[in-house]
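Working notes, structure below.
The values are calculated or read from the model by the stated rules, or taken from the named source; none is laboratory data. Just so you know, these numbers come straight off a predicted model, no measurement behind them. In this analysis, Cβ positions are derived from the backbone assuming ideal geometry, glycine residues included, and neighbour counts consider all displayed protein chains. Just so you know, the surface numbers come from the protein's heavy atoms only, side chains and all, with ligands and any DNA or RNA stripped out. Shrake-Rupley method; radii C 1.70, N 1.55, O 1.52, S 1.80 Å.
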Amino acid sequence: MPVTIGTASNTFANPIGLLSDCHRRIELFLRALLTVTAEVEGGSLDAEHRQALDASLKYFLHAAPKHTADEEEDLFPMLRELDRPDLSRILEHVDRLEHDHMTAVECHCEVEEIGERWLRQDHLTRKETIRLRELLLSLSDLYTAHIAVEEQEVFPIAQEALSDAEKTTIGRRMASRRGIPFMAESAPPAT
């Protein structure tokens, strides 16, 4: 299932906006996983639930790590390089956000394992279903707090503090990470 990266107003020329767009996709696919788990409760998957589970697992396996790399390899290091004492609070947030990323990866590995088993076997044990629900609820709590800090604290400062050249560098690297040509003036294609 292709996922469109960006909107008419958020292209790679506005990488901070694209990072927010990625958050909407994270929320969408996590909601899909929670819905499938709640509605099917580890039982046999119909075509719609199977597709939603498969697409969501693939998103978190392939696309979400690119978002994490966008932040940890580009945005966060650039913020750390800024010589501004007023950014100390933001940099404390960044340290915590990186820890959140590690926690999310651990949870997603287990979600992936259980979800793939569900797709192969077409059912889960009660214990597996309970564990999957616990993991997804933990991820939901983590992402709710994580996204709020990024969008309310970190991203506004990044938008203001980073130069246009720095934002262009981030946008180019984001595009490259996805194998998409950098296009400053138009919305990027689906990937």
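Counted over all Cα-Cα pairs of segment 32-86, pairs farther apart than 17 Å make up 55 percent.
For the chain, find the longest principal axis of its Cα atoms and tell me its angle to the long axis of helix 88-121, 0 to 90°, nearest 10. For helix 88-121, the angle is close to 30 degrees. Taken one residue at a time, the phi angles of segment 155-172 give Karplus couplings (6.51, -1.76, 1.60, θ = phi - 60°) of 4, x, 5, 4, 4, 7, 7, 7, 6, 4, 5, 5, 5, 5, 4, 4, x, 4 Hz. Gly and Pro are set to x.
Which value, in Å², gives the accessible area per residue of the chain when a 1.4 Å probe is used on the protein heavy atoms? Write down the numbers at each step before the final one.
On the way: 9640 Å² over 191 residues.
Counting only protein heavy atoms, the per-residue value for the chain is 50 Å².
For the chain, give the magnitude of the charge dipole about the Cα centre (Cβ charges: +1 Lys/Arg, -1 Asp/Glu; no others), in debye to the nearest 20.
Numbers: 21 positive and 35 negative charges, 110 e Å.
Rounded to the nearest 20 debye, it is 520 debye.
Using bins of 5 Å that start at zero, the share of Cα-Cα pairs per bin across the chain amounts to 1, 7, 16, 18, 17, 14, 11, 7, 5, 2, 1, 0, in whole %. By accessible area, using a 1.4 Å probe on protein heavy atoms only, the chain has 54% of its surface on carbon and sulfur.
Each of Q121, G179, L132 was scored by the projection of its Cα onto the charge dipole of the chain, and the greatest displacement toward the positive side belongs to Q121; charges sit on the C-beta of Lys, Arg, Asp and Glu. For segment 122-136, the Karplus equation 6.51 cos²θ - 1.76 cosθ + 1.60, evaluated at θ = phi - 60°, returns couplings of 6, 6, 10, 6, 4, 4, 5, 5, 4, 5, 4, 4, 4, 4, 5 Hz by residue, with Gly and Pro reported as x.
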